[in-house]
Amino acid sequence: MSISEETVDQVKKLEADKYKYGFVTDIEMETAPKGLNEDIIRFISEKKEEPQWMLEWRLKAYKHWLTMEEPNWAKVGYKKIDYQDLYYYAAPKSMDRPKSLDEVDPELLKTYEKLGIPLKEQELLSGVVAVDAVFDSVSVATTYKAKLTEMGVIFCSISEAVREYPELVKKYLGSVVPHSDNYFSALNCAVFTDGSFVYVPKGLRCPMELSTYFRINAENTGQFERTMIIADEGSYVSYLEGCTAPQRDENQLHAAVVELVALTNAEIKYSTVQNWYPGDETGAGGIYNFVTKRGACRGDNSKISWTQVETGSAVTWKYPSCILQGDNSIGEFYSVAITNNAQQADTGTKMIHLGKNTKSTIISKGISAGRADNTYRGLVKIMPKAEGARNFTQCDSLLIGNTCGAHTVPYIETRNPTARVEHEATTSKISEDQMFYCQQRGLSPEEAVSLIVNGFCKEVMKELPMEFAVEAQKLIGISLEGSVG
Amino acid sequence: MSLLSIRDLHATVGGNEILKGINLEIGPGEIHAVMGPNGSGKSTLSYVLAGREGYEVTRGTIAFKGKDLIDLAADERANEGVFLAFQYPVEVPGVVGMTFLREAYNAKLRYLGKQEIDAMEFLKFVRSRAKTLNMSDDMLKRAVNVGFSGGEKKRNEILQMAVLEPDLAILDETDSGLDIDALKLVSDGVNELRSENRSMLIITHYQRLLNYIQPDHVHVLAHGKIQRSGGKELALELEAKGYAEFSEEAA
């Protein structure tokens, strides 16, 4: 696959139409009034036709949230969020759970087309990627569900799971990220409106990549997605998450929670390409991406692998983590974070080693251009019982230009003398030599940067599923548009 | 008509004038060698021709295929057919050699308004070229110049040249850091690429390389000017006498 030629194509398209996903779909929204209080939470719960226990769970979280302070330890700065000035529920109207795509609002289908997700085609092509498409807060269409159901895989919206599989949800919801975990996750617990739910039964290797495309649509609507993936004993699942958002002047809050549970011998691979609207060159607009993602390797020999390519959002605050509880369990974190213009990212991971011979690998690639700040913040914690635990961390930062920043904040705590923890870090700039070398071979400065950066990120990019790899390569070029010359 | 015509070329680097009035005509298919002592401006000449940033032309003209080269960016010059084989080839970590070659090749095709090449077809093309230079597939799978030996780097430069098929190849001290076997291999590769419509400008300290790649013309560059020009016998004379007379001349 040719990297830079496509990138250039993309960039050219963008010049005409700066951010191609910055369009607004004209669909009537059904919206709860602005602000947050118990009534709003009751409204959401009612809209979702939730059982009483769910409402109580939300209210408990809300009460706890009221006692909490918004965290300020991350190296990011943004205008104070007025939580009473946001909408907490918005759903496209006239959508009474469509049974097929024919029942889906044609406007909505057009939106997906612009985003390059031809659902219809995908349905016809039958069975490579199942898409649980989330439009704002309500799941619009879930494809391949029948096929997955046949195999015993549950792949549905979390709201549906609350109604249809209450025992599973009760057992696992909040078991990895409890409502008291942090400010944003507590908020999410109180007001989450949708997200995906996946359960893979014992011994099954899920044959298709599961994916969700998130999209923020209504102005001033915070997005509070909640995703939960449970891989039962000996199972395997790969989940892809991709995000695009329309252009807005006001900042939009996105506070999602993702919980993963891998039981004995199970493996979960979770890949994200995040390109929420980053704001304009001056930093106006753009998404606040405050996400809590955590996986628990509960069983022995289980494995959770996070791969993320973060190119969007004005502010990113995100630390996909692994709790390595089972003996011999493995946690992996592969990350590319690109910040350009006025973007800020504070991202990294936490690897908590509890079980014996647990292993974790962290590969983080931060790229900073423009006036952006990019921080890797990570914690490797080896607990007393984690005999023989091992960690390898590699943090590389690449700077483009003289006005951006790269910061690395690794925390290491080991309480077991048999642990082996390695940390490697580099900071480099794209050298003038490299640029000239590439240009002397005929590449334009933009093409050269894209090629060099893609090379820099290679170890992470190769962890992405093929479908995502191509999109991600393009995104890297797009995100760095205007960073040279 | 000349392929490359340099007239009264003056150039500065960081405010210092390094080239002080170069005149040089290179016809199609000709091989010119530029020799000279350290600090004479040989590498500066190659960078000025290739359009490296920071190398400023203050006077004079460079015409390439009748076009004014000075106003073109480095990548445009490359796509017009100017190739520089680097004295110190640069590492591009994570970028596989084959990908790098294809990106470069397609950039040129796009520049010329042509259709990009099919990946499989290109693979075959590169393999055939690599064979002549005794380069294994393994080398093409590695990141560009990363962990390459001196000889491998230089061979890689010549492979790029063979693939990009320039009209003018500038070889900047391609012989430096090569042992006799590697020098022979690289020279064979270069000789293979000699043709009546490909000119070369070979920059070197030593006559040694010119035993393998026989030039049509030899120039002595010292103090930012071409001090003497002649046939290949001039190189032998320099080998015997050294550059002393040119430093005296200037002094």
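Residues in region B:91-115 that are among the aliphatic types (A, V, I, L, M), within 13 Å of B:A78 (Cβ to Cβ) and at the interface with chain A (Cβ under 7 Å from one of its Cβ atoms): B:A104, B:A107.
If you go through region B:141-162, how many residues are in a loop (DSSP other than H, G, I, E, B) and under 27 Å from B:L45 (Cβ atoms)? So the answer is 2. Evaluate the following for A:Q394: is it within 20 Å of A:A345 (Cα to Cα), assigned to a helix (DSSP H, G or I) and within 14 Å of another protein chain (Cβ to nearest Cβ)? The answer is no for A:Q394. You will find that of A:G234, A:G203, the residue that is outside any helix (DSSP H, G or I), modelled with pLDDT of 95 or more and buried (at least 18 other Cβ atoms within 10 Å of the Cβ) is A:G234 and no other.
Which is more than 15 Å from the chain's Cα centre (by Cα), surrounded by 14 or more Cβ atoms within 10 Å (Cβ to Cβ) and among the small types (G, A, S), of B:A182, B:A240? Checking each option against the conditions leaves just B:A182. Every listed requirement among (1) in contact with a helix residue (DSSP H, G or I) (Cβ under 8 Å, 6 or more places away or on another chain); (2) farther than 24 Å from A:G455 by Cα; (3) within 14 Å of chain A (Cβ to nearest Cβ) is met by B:I22 save one, (3). The residues in region B:10-48 that are touching a Leu at 6+ places or on another chain (Cβ under 7 Å) and either among the β-branched types (V, I, T) or under 21 Å from B:D75 (Cβ atoms) (or both) can be counted, and the count is 8.
The numbered conditions (1) touching a residue at least 60 places away in the same chain (Cβ under 8 Å); (2) surrounded by 17 or more Cβ atoms within 10 Å (Cβ to Cβ) are all true for B:T132 except (2).
Scanning region A:338-358 for residues that are under 23 Å from the mean Cα position of the chain (by Cα) and surrounded by fewer than 20 Cβ atoms within 10 Å (Cβ to Cβ) turns up just one, A:A342. When each of A:V191, A:V153 is tested for being modelled with pLDDT of 90 or more, touching a Leu at 6+ places or on another chain (Cβ under 8 Å) and either under 19 Å from A:L59 (Cβ atoms) or polar (S, T, N, Q) (or both), the lone residue that passes is A:V191. For region A:407-444, residues that are in contact (Cβ under 8 Å) with a residue 60 or more places away in the chain and among the basic types (K, R) total 0. For B:A119, the conditions (1) of a type in the set (A, V, I, L, M); (2) within 13 Å of another protein chain (Cβ to nearest Cβ); (3) within 16 Å of B:E103 (Cα to Cα); (4) in contact with a strand residue (DSSP E or B) (Cβ under 8 Å, 6 or more places away or on another chain) all hold with the exception of (4). Considering region A:415-438, and only residues there that are small (G, A, S) and not in a strand (DSSP E or B), the residue that is nearest to the other protein chains (Cβ to nearest Cβ) turns out to be A:S431. Does B:L84 satisfy being modelled with pLDDT of 95 or more, out of contact with any His (no Cβ under 6 Å at 6 or more places or on another chain) and buried (at least 21 other Cβ atoms within 10 Å of the Cβ)? Here the answer is yes, as B:L84 does meet what is asked. In region B:163-178, of all residues being farther than 20 Å from B:T204 by Cβ and not in a loop (DSSP other than H, G, I, E, B), the one that is farthest from the chain's Cα centre (by Cα) corresponds to B:V163. The single condition from (1) within 22 Å of the chain's Cα centre (by Cα); (2) more than 22 Å from B:L193 (Cβ to Cβ) that B:R77 fails is (2). Considering (1) modelled with pLDDT under 95; (2) more than 11 Å from chain A (Cβ to nearest Cβ); (3) under 28 Å from B:G36 (Cα atoms), the lone condition that B:G60 does not fulfil carries the number (1). Among the residues making up region B:1-38, those that are free of Cβ contacts under 8 Å to residues at least 24 places away in the same chain and closer than 28 Å to A:S431 by Cβ are B:G15, B:N16. Note on region A:439-465: among residues that are in contact with a Leu (Cβ under 6 Å, 6 or more places away or on another chain) and within 9 Å of another protein chain (Cβ to nearest Cβ), the one that is modelled with the highest pLDDT is A:Q440. Taking the numbered list (1) in a strand (DSSP E or B); (2) within 24 Å of A:F192 (Cα to Cα) in turn, A:S335 passes all entries but (2).
In region A:284-299, the residues that are closer than 26 Å to A:L324 by Cα reach residues that are assigned to a strand (DSSP E or B) and hydroxyl-bearing (S, T, Y) with C-beta atoms within less than 6 angstrom, at least six apart or across chains, in these pairs: A:N289/A:T316; A:R294/A:S321.
A:C322 fulfils the conditions (1) surrounded by fewer than 24 Cβ atoms within 10 Å (Cβ to Cβ); (2) free of Cβ contacts under 8 Å to residues at least 40 places away in the same chain except for a single criterion, (1). Residues in region B:63-90 that are of a type in the set (D, E, K, R) and within 7 Å of chain A (Cβ to nearest Cβ): B:D75 alone. Applying the condition of being in contact (Cβ under 8 Å) with a residue 40 or more places away in the chain and of a type outside the set (A, V, I, L, M, F, W, C) to region B:89-128 and asking which residue is surrounded by the most Cβ atoms within 10 Å (Cβ to Cβ) yields B:G97.
Cβ-Cβ contacts under 7 Å between residues 6 or more apart (or on different chains), taken from a first residue in region B:39-55 that is in contact (Cβ under 8 Å) with a residue 40 or more places away in the chain and within 13 Å of chain A (Cβ to nearest Cβ) to a second residue that is of a type in the set (G, A, S) and not in a helix (DSSP H, G or I), are listed as B:Y55/B:A11. The set of residues in region B:1-29 being in a strand (DSSP E or B) and on the phi > 0 side of the Ramachandran plot consists of B:D8, B:G21.
The values are calculated or read from the model by the stated rules, or taken from the named source; none is laboratory data. Note that the structure is a prediction, hence the values are computed from the model and not measured. For neighbour counting, all protein chains shown are included, and Cβ atoms are generated from backbone atoms with ideal geometry for every residue, glycine included.
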